[in-house]
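Take a look at the structure below.
The values are calculated or read from the model by the stated rules, or taken from the named source; none is laboratory data. Source: prediction; values computed, not measured. Every residue, glycine as well, gets a Cβ built from its backbone with ideal geometry; the counts of neighbours run over all protein chains shown.
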Amino acid sequence: MIGEALQLEFVRNALAAGLLVSVVCGVIGTLVVVNRIVFLAGGIAHAAYGGIGLAFFMGWPYAVGTIGFSVLSAGLMAAVTLKAKHRADAMVGVIWALGMAVGIILLDLTPGYSVDLMSFLFGSILTVTAADLWQMGGAGIVVLLVVTYYYNDFLAMSYDDEFARLRNVPVTFLYCLLLGMIAISVVMIIRVVGLILVIALLTIPPFIAEKFTGSLRAMMTVSSLLSGLFTIAGLWLSYLLNLTAGATIILVAAGGFLLATLWFEISRRRGGHRRPDTASYR
Amino acid sequence: MAEPIIEVADLWFSFNGHPVLREVNLTVPPGDFLVLIGPNGGGKTTLLKLMLGLLEPDRGVIRLFGQRPEKAAQRIGYVPQNVQINKTFPISVRDVVLMGRLRTGKLWSRYTRADRIAAQDALEKMRVWEYRDRRIGELSGGQLQRVFIARALVSAPDALFLDEAMASIDAQSRREFYETMKELNRSVTIVAVSHDLMILSSQVKSVACVNQQLHYHDSGEITEEMLDAAYHCPVELIAHGLPHRVLSRHEAS
């Protein structure tokens with residue numbers, strides 16, 4: 001039955017897209033979670049809807065409009081959050097709503113518009129083409145190279161940005177770079193689970209991984225693996241039960257999150273989790 | 001005379017239109033152990049951050065080793081006020097300390113052998129080497145404090161800045177802490193912020209009270225005039241034996 005499904009090209013493409021996105025989700029999602037910018041990532045994802053509207057209105061390819069628009073909104077959010085930190089959440093909320101509104105208006109104004117809106121809201125992983133896969137692969141490699149190159153700097157910035165500044169780590173530049181990478185990742189993830197569920201795939205796997213790993217690198221690896229697992233299991237279930245793929249993937253992820261939390265709590269109660277050594281210098 | 005470690009001249013700083021520091025002048029000679037005291041909100045931490053180059057003054061000049069603070073970054077160590085930040089962060093004690101070895105142009109996520117040896121030395125010196133593979137959140141306040149001092153020392157700094165270093169240590173550990181500071185002070189200039197007057201032990205070489213303005217005293221004692229100027233309330237000084245103690249009399253009045 002699985003073999004039969006794998007005969008279909010769109011199923012193979014969907015699996016490949018799911019796995020590519022999982023790697024990016026694990027790496028970028030980890031940075032999003034430890035830097036506590038989940039809301040900001042949500043803002044970028046929703047503002048990307050403006051890009052979808054723009055792409056249709058101008059007759060551009062979908063990826064050009066969305067990547068352009070989400071990088072733009074990411075830049076705007078970077079500027080706002082760096083300038084007025086205490087008002088950052090409200091400003092992100094404004095950009096979030098503005099991007100979506102622009103998208104809807106532009107689609108209204110597009111003559112002969114007849115695109116399936118739902119595919120952007122909930123993903124269209126089953127319509128991924130070979131060309132899409134090449135784009136995703138390219139974006140994934142760029143993200144991996146950048147994060148590897150700056151790994152220690154990202155680690156220092158995420159853990160203690162003040163100390164990082166003191167060690168001449170280019171914190172502002174890295175923050176903008178991170179938001180840019182979130183923008184690119186978000187466009188990829190929208191294909192798989194849709195913009196409404198981007199946040200879930202970006203945050204659930206790292207949130208589980210954080211409990212069980214001892215380094216940022218391990219957290220990224222475990223998040224990617226979990227993300228891949230959820231995506232494949234979700235796709236398979238959606239195929240079996242004839243459900244929306246994106247939403248099924250998220251339900252599986254949420255189930256995994258619940259199980260992991262339970263397991264973590266139980267093992268901690270049983271004392272299986274290591275407690276701090278308090279013998280000396282307390 | 002040797003070149004001063006820190007020079008602050010006519011420094012002014014305000015935050016959201018409120019003056020925080022004005023007319024601050026300060027010269028710290030090599031080998032000094034300076035403690036900045038003063039009331040909460042008096043600007044101690046702000047002054048420390050200005051000296052580190054983490055904040056920009058409105059007016060005035062700050063020089064560390066005769067350079068702008070950001071140029072001198074590799075020669076200073078810093079222990080922040082809150083060592084309890086990010087306790088759930090997945091990072092080991094060793095990786096926190098290695099952070100102190102970061103410098104410009106060190107990319108592709110590589111630390112050298114020299115970095116690893118320096119990290120081991122710093123952890124051993126602070127007697128926390130045995131916790132090197134622990135997750136940072138598993139340590140107690142005192143252990144954390146030592147790890148953060150190790151992080152500050154791992155780059156072999158010429159000057160060490162501590163912000164409220166006593167905040168997360170209990171009384172018993174303080175004597176040990178003073179011993180460590182005394183030993184460090186043989187080779188490193190120390191500037192420590194404390195709102196806790198108890199930090200004034202026999203090791204301290206000079207004191208400055210910060211309350212918008214700065215009152216400097218080049219021995220490890222506080223004078224009544226300094227406290228009056230800094231706190232604007234009557235304070236009683238008690239000094240017997242070592243370390244000196246300075247107690248305030250706030251609740252009574």
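One residue is enough: does the stretch B:41-57 have a residue meeting the conditions buried (at least 22 other Cβ atoms within 10 Å of the Cβ), closer than 30 Å to A:Ala209 by Cα and modelled with pLDDT under 85?
So far as the stretch B:41-57 goes, no, none of its residues is buried (at least 22 other Cβ atoms within 10 Å of the Cβ), closer than 30 Å to A:Ala209 by Cα and modelled with pLDDT under 85.
Please go through the stretch B:80-99 and pick out each residue that is at pLDDT below 90 and touching a Phe, Trp or Tyr at 6+ places or on another chain (Cβ under 9 Å).
Answer for the stretch B:80-99, where residues must be at pLDDT below 90 and touching a Phe, Trp or Tyr at 6+ places or on another chain (Cβ under 9 Å): B:Pro80, B:Val83, B:Ile85, B:Asn86.
Mind checking whether some residue in the stretch B:76-93 is out of contact with any strand residue (DSSP E or B) (no Cβ under 9 Å at 6 or more places or on another chain), part of a helix (DSSP H, G or I) and more than 7 Å from chain A (Cβ to nearest Cβ)?
no
Quick one: is B:Leu26 within 13 Å of chain A (Cβ to nearest Cβ), outside any helix (DSSP H, G or I) and under 19 Å from B:Asp158 (Cβ atoms)?
no
Inside the stretch A:97-188, counting only helices (runs of 4 or more DSSP H) that do not spill past its ends, which hold 1 or more residues that are crowded, with 18+ Cβ neighbours inside 10 Å and in contact with a Ser or Thr (Cβ under 6 Å, 6 or more places away or on another chain)?
Where helices (runs of 4 or more DSSP H) fall fully within the stretch A:97-188 and carry at least 1 residues being crowded, with 18+ Cβ neighbours inside 10 Å and in contact with a Ser or Thr (Cβ under 6 Å, 6 or more places away or on another chain), they are A:117-122, A:151-159.
How many residues, within the stretch B:102-127, are facing chain A (nearest Cβ under 8 Å) and crowded, with 19+ Cβ neighbours inside 10 Å?
Number of matching residues: 1.
Looking for whichever is among the small types (Gly, Ala, Ser), without any contact (Cβ under 8 Å) to a residue 40 or more places away in the chain and within 15 Å of B:Leu162 (Cα to Cα) here; the options are B:Gly41, B:Gly77, B:Gly53. Which one fits?
Numbers: B:Gly41 fails: within 15 Å of B:Leu162 (Cα to Cα); B:Gly77 fails: without any contact (Cβ under 8 Å) to a residue 40 or more places away in the chain.
That would be B:Gly53, the only listed residue that is among the small types (Gly, Ala, Ser), without any contact (Cβ under 8 Å) to a residue 40 or more places away in the chain and within 15 Å of B:Leu162 (Cα to Cα).
Assess whether A:Thr66 counts as being at pLDDT 90 or above, of a type in the set (S, T, N, Q), buried (at least 24 other Cβ atoms within 10 Å of the Cβ) and assigned to a helix (DSSP H, G or I).
no
Among A:Ser158, A:Ser185, which is the only one that is among the small types (Gly, Ala, Ser) and more than 14 Å from every other protein chain (Cβ to nearest Cβ)?
A:Ser185
Can you tell me which residues in the stretch B:31-61 are more than 13 Å from the chain's Cα centre (by Cα) and within 12 Å of chain A (Cβ to nearest Cβ)?
Result: B:Gly53, B:Leu54, B:Leu55.
Conditions tested, residue by residue: (1) under 30 Å from A:His86 (Cα atoms); (2) of a type in the set (D, E, K, R); (3) touching a Gly at 6+ places or on another chain (Cβ under 7 Å).
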position: B:Pro4; (1), (2), (3): no, no, no
position: B:Phe15; (1), (2), (3): yes, no, no
position: B:Leu26; (1), (2), (3): no, no, no
position: B:Pro30; (1), (2), (3): no, no, no
position: B:Leu50; (1), (2), (3): yes, no, no
position: B:Arg59; (1), (2), (3): yes, yes, no
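If A:Leu177 meets every condition in (1) of a type outside the set (Val, Ile, Thr); (2) in contact (Cβ under 8 Å) with a residue 60 or more places away in the chain; (3) closer than 21 Å to A:Gly137 by Cβ apart from one, which number is that one?
Here A:Leu177 clears every test but (2).
Consider only pairs whose beta carbons are under 8 Å apart and that are at least six residues apart or on different chains; among these, list those whose first residue lies in the stretch A:57-83 and is under 15 Å from A:Phe120 (Cβ atoms) and whose second residue is outside any helix (DSSP H, G or I).
Close Cβ pairs satisfying both conditions: A:Phe57/A:Thr110.
So, in the stretch B:114-151, how many residues would count as being part of a helix (DSSP H, G or I), out of contact with any Pro (no Cβ under 9 Å at 6 or more places or on another chain) and within 20 Å of B:Arg75 (Cα to Cα)?
16
Using beta carbons and a limit of 8 Å, which pairs, at least six apart or on different chains, have the first residue in the stretch B:62-74 and within 10 Å of another protein chain (Cβ to nearest Cβ) and free of Cβ contacts under 8 Å to residues at least 60 places away in the same chain and the second one buried (at least 16 other Cβ atoms within 10 Å of the Cβ) and of a type in the set (Gly, Ala, Ser)?
From the stretch B:62-74, the pairs are B:Pro69/B:Gly53; B:Glu70/B:Gly53; B:Ala73/B:Gly53.
With respect to A:Ala55, determine if the residue is in a helix (DSSP H, G or I), at pLDDT 90 or above and more than 13 Å from the chain's Cα centre (by Cα).
So A:Ala55 fails the test.
Among the residues of the stretch A:128-139, are any closer than 24 Å to A:Ala74 by Cα, within 14 Å of chain B (Cβ to nearest Cβ) and within 21 Å of the chain's Cα centre (by Cα)?
Taking every residue of the stretch A:128-139 in turn, none turns out to be closer than 24 Å to A:Ala74 by Cα, within 14 Å of chain B (Cβ to nearest Cβ) and within 21 Å of the chain's Cα centre (by Cα).
Restricted to the stretch A:210-240, and to residues that are away from every other protein chain (no Cβ under 14 Å) and of a type in the set (S, T, N, Q), which residue is surrounded by the fewest Cβ atoms within 10 Å (Cβ to Cβ)?
A:Ser238
Could you check how many residues of the stretch A:2-36 are in a loop (DSSP other than H, G, I, E, B) and free of Cβ contacts under 8 Å to residues at least 60 places away in the same chain? Spell out how you get there, then give the answer.
Our first condition is that a residue be in a loop (DSSP other than H, G, I, E, B); within the stretch A:2-36, this holds for A:7-8, A:35-36.
When the remaining residues are screened for being free of Cβ contacts under 8 Å to residues at least 60 places away in the same chain, the result is A:7-8, A:36.
Counting residues in the stretch A:2-36 that are in a loop (DSSP other than H, G, I, E, B) and free of Cβ contacts under 8 Å to residues at least 60 places away in the same chain gives 3.
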